[in-house]
Amino acid sequence: MNSFTEYFRGIFNGLRSLFQGLGVTGKYFFKPGTTVTQQYPNNRKDLKMFDMFKGEVIMPHNEKNEHKCTGCGICEINCPNGSIEIISATIVNEDGKKQRIIDKHIYHLGMCTFCGLCVKTCPSQALAFGQEFEHAVFDRTKLTKVLNQPGSKIMKGVE
Amino acid sequence: MEFSLYDFSSFTAWIDSSLRASMSPGWAVAVEMILIGIAILIFYALVGLFLVYAERKVCALMQNRLGPNRVGPGGVFQTIADLVKLLFVELVPIKNADRVLFNVAPFIVIIASFMAIGAIPFAKGLQAIDLNIGVFYLMAISSMGVIGVLLAGWASNNKYSLIGAMRSGAQIVSYELSVGLALVTMVVLAGTMQLSEIIEGQRWGWFIFKGHIPAVIAFVIYIIAGTAETNRGPFDLAEAESELTAGYHTEYSGIKFAFFFLAEYMNMFIVAAIAATVFFGGWMPFHVYGWDGFNAVMDFIPPFVWFIAKTFGIVFLMMWLKWTFPRLRIDQLLTLEWKYLLPINIFNLLLMAFLVLTGLHW
């Protein structure tokens, strides 16, 4: 008797869950407003990528053309495929001490796998991910970028 | 000549008499056959193209996508572009394949569905052949397609094809029973197997209303088993992409693949057309006994439109099922058939016979 009721309960529970599924897809079908497709080339003007999108590695600069990179080289060490090259220089600062600063932060976009280790390990949060994703170029040398802007200096208070 | 959208029998009779007037009866029959063949072929191609487009749009909307929208307005010419591409694809010869069977298989599949379409009544008088065992003929012909599937799998000399074909064989042999018994249930109610008389019997109420609960159960079982018989999802183990690349048509390319593809969609149309004919009155408009004004309004809509609307309604239902449910495993598939559908179906047949014998139906 027990297995008999089990059999019918199985049928009705199964039917109920099937109708639940049908309800979900039916709702989507009759509500075109839920469409998530981006009509990409047509909407490039107002296309906004989501915050976590990893388009490219950038070095944010403030309005005084200052960045936070100390030139420590941790990103270069952590990069698994050598996409980052740090060229540092030594200057004498106001206190008369020698200081290591960044000369060029070279980023090879063509080799980058967007793993995010450089951004994650940077001790001074100098690196970030940009939202730009249209990287196609006709010459691959254009994929090698210098992240610190010319004439930029390190931000005050970043060690 | 008298042409009417509501009754094609005078139109076909006019073609017949004018042909017989100009040639011997044997030639007249031959010319008629060719005309019907061409008409059905054109219909077949148009419906196939439309169904592929409809499927892509329906599944896109159900998955919150847009679907094809580049070729033509709303992407309507997408399937035509696909067809043109398929026509130009190279037919790859397979090493160690059984050449004859490999080439014959797609034709068997497509001829099986082509023959089934001949017996389907599209409108009053618009039916290629009205057999007195119409339902039986349709069941017999629609199960022919599996021979083509098995041949394709065997002749391809490919393990994925063979596994796919064997799964398809097990599936169709099992679910054929359910399709048959569900239709037999309705034949018990109709009292005839002739499709034109089945439709005539639904003048004052479609069988799904006349037959009460057993008819509804039979319809649900028919839709489940019919979806399985056409090898469509959630019963598409025969071509389970994730396991078998494409199942029995892995090795096919170009127009031969297009034949399998087209036959799948036409089988869906045929299953839906049979369901529309047997459960929803085919081309018969919706009538309520005694409401003469309402009936006149319903009669104003041509029967062809009724038939197509019902059929595509059921096709939409099948697409809805396909794009909602995940694929069954082979043991789940056989459990569903042998432990659930078949016992329920046999009990349902008894219930229907009881209903008819006691006169509880209308």
- What does the helix-only formula give at 222 nm for chain B: each DSSP H stretch with n ≥ 4 adding -39500 (n - 2.57), the total divided by the residues, and the result rounded to the nearest 500 deg cm²/dmol? -22500 deg cm²/dmol
- If B:Met166, A:Met155 are ordered by their accessible area, calculated over protein heavy atoms with a 1.4 Å probe, which sequence runs from highest to lowest? B:Met166, A:Met155
- Lys, Arg +1 and Asp, Glu -1 on Cβ, resulting dipole of region A:88-159 about Cα centre, debye, nearest 20: 180
- Query: At a probe radius of 1.4 Å, what is the per-residue accessible area of A:Met111, in Å² to the nearest 10?
  - Reply: 90
- Towards the positive end of the charge dipole of the protein assembly as shown, with charges on Cβ (+1 Lys, Arg; -1 Asp, Glu), say which of B:Ala54, B:Pro68, A:Asn78 has the farthest Cα. A:Asn78
- Item | Percent accessible area from carbon and sulfur atoms, the protein assembly as shown, protein chains only, probe 1.4 Å | 67
- Would you mind giving the mean number of other chain beta-carbons within 10 Å of the Cβ of each residue in B:333-346, as a whole number? 1
- Note on the structure: Given the candidates B:Gly145, B:Gln171, B:Leu181, the one whose Cα lies deepest towards the positive end of the charge dipole of region B:88-358, counting +1 at each Lys or Arg C-beta and -1 at each Asp or Glu C-beta, is B:Gln171
- Query: Could you give the distance between the Cα centres of region B:1-67 and region B:314-336, to the whole Å?
  - Reply: 30
- Task: Could you tell me which chymotrypsin sites (Phe, Trp or Tyr not before Pro) in region A:1-106 are loop residues by DSSP with no more than 12 other beta carbons within 10 angstrom of their beta carbon?
- Result: A:Phe50
- Accessible surface of B:Phe304 in the full protein assembly, 1.4 angstrom probe, to the nearest 10 Å²? 70
- If each K or R counts +1 and each D or E counts -1, the residues other than B:Phe136 whose Cβ falls under 15 Å of its Cβ total -3
- Rounded to whole Hz, the Karplus (6.51, -1.76, 1.60) HN-Hα couplings of region B:103-113, x for glycine and proline: 7, 6, 3, x, 5, 4, 4, 6, 5, 4, 6
- Query: Using the Cα gyration tensor of chain B, with a ≥ b ≥ c the square roots of its eigenvalues, what is the shape: rounded (a/c below 1.5), prolate (a/b larger than b/c) or oblate (neither)?
  - Reply: oblate
- Mind listing the lone cysteines of the protein assembly as shown, meaning no other Cys beta-carbon sits under 4.7 Å from theirs? A:Cys69, A:Cys72, A:Cys79, A:Cys112, A:Cys115, A:Cys122, B:Cys59
- Please identify the chymotrypsin sites (Phe, Trp or Tyr not before Pro) of region A:125-159 that satisfy two criteria: DSSP loop assignment and at most 12 other Cβ atoms within 10 Å. Which are they? A:Phe133, A:Phe138
- Message: Just to make sure I understand: if all protein chains stay in place, what is the order of B:Ser113, A:Ser3 by accessible area at 1.4 Å, largest first?
- Response: A:Ser3, B:Ser113
- Sort B:Phe209, B:Phe122 from largest to smallest accessible area, using a 1.4 Å probe on the heavy atoms of the protein chains. B:Phe209, B:Phe122
- Message: Compute, for region B:1-62, the length of the dipole vector about the Cα centre, with Cβ point charges of +1 (Lys, Arg) and -1 (Asp, Glu) only. Units Debye, rounded to 20.
- Response: 280
- Query: Comparing the chain by itself with all protein chains present, which residues of region B:36-72 are at least 30 Å² less accessible (probe 1.4 Å)?
  - Reply: B:Leu61, B:Met62, B:Asn64, B:Leu66, B:Arg70
- Task: Please pull out the direction-averaged projected area of the protein assembly as shown, using the convex hull of its alpha-carbon atoms, in nm² to one decimal place.
- Result: 38.2
- Under 11 Å, Cβ to Cβ, from B:Val89 - net charge with Lys/Arg +1 and Asp/Glu -1: 0
- Candidates per GluC sites (Glu not before Pro) in region A:24-79, loop by DSSP, up to 16 other Cβ within 10 Å: A:Glu63
- Item | 10 Å Cβ shell holding at most 14 others, DSSP loop, GluC sites (Glu not before Pro): longest site-free stretch of chain B | B:91-362
- Task: Return the tail of the calculated pair distribution for region A:56-154, meaning the percent of Cα-Cα pairs more than 21 Å apart.
- Result: 33
- Query: For chain A, with only Lys/Arg (+1) and Asp/Glu (-1) charged at the beta-carbon, what is the dipole magnitude about the Cα centre, in debye rounded to 20?
  - Reply: 380
- Note on the structure: If one builds a Gaussian network model of chain B from Cα atoms under 10 Å apart, the most fluctuating residue listed among B:Lys256, B:Lys95, B:Lys210 is B:Lys95
- If one computes the Cα centroid of region B:175-229 and of region A:56-75, what distance in Å separates the two points? 74
- Query: Accessible surface of A:Lys27 in the full protein assembly, 1.4 angstrom probe, to the nearest 10 Å²?
  - Reply: 120
- Using a 10 angstrom cutoff on alpha carbons, build the Gaussian network for chain B and name the most mobile of B:Leu328, B:Leu237, B:Leu61. B:Leu61
- For B:Ala170, net neighbour charge (Lys/Arg +1, Asp/Glu -1) across residues whose Cβ lies under 13 Å away: -2
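The values are calculated or read from the model by the stated rules, or taken from the named source; none is laboratory data. The shown structure was predicted, so the numbers you read here are calculated from the model rather than taken from an experiment. Backbone-built Cβ (ideal geometry, glycine too); neighbour counts: all protein chains shown. To get the accessible areas, we keep the full protein, side chains included, count just its heavy atoms, and leave off ligands, DNA and RNA. Shrake-Rupley method; radii C 1.70, N 1.55, O 1.52, S 1.80 Å.
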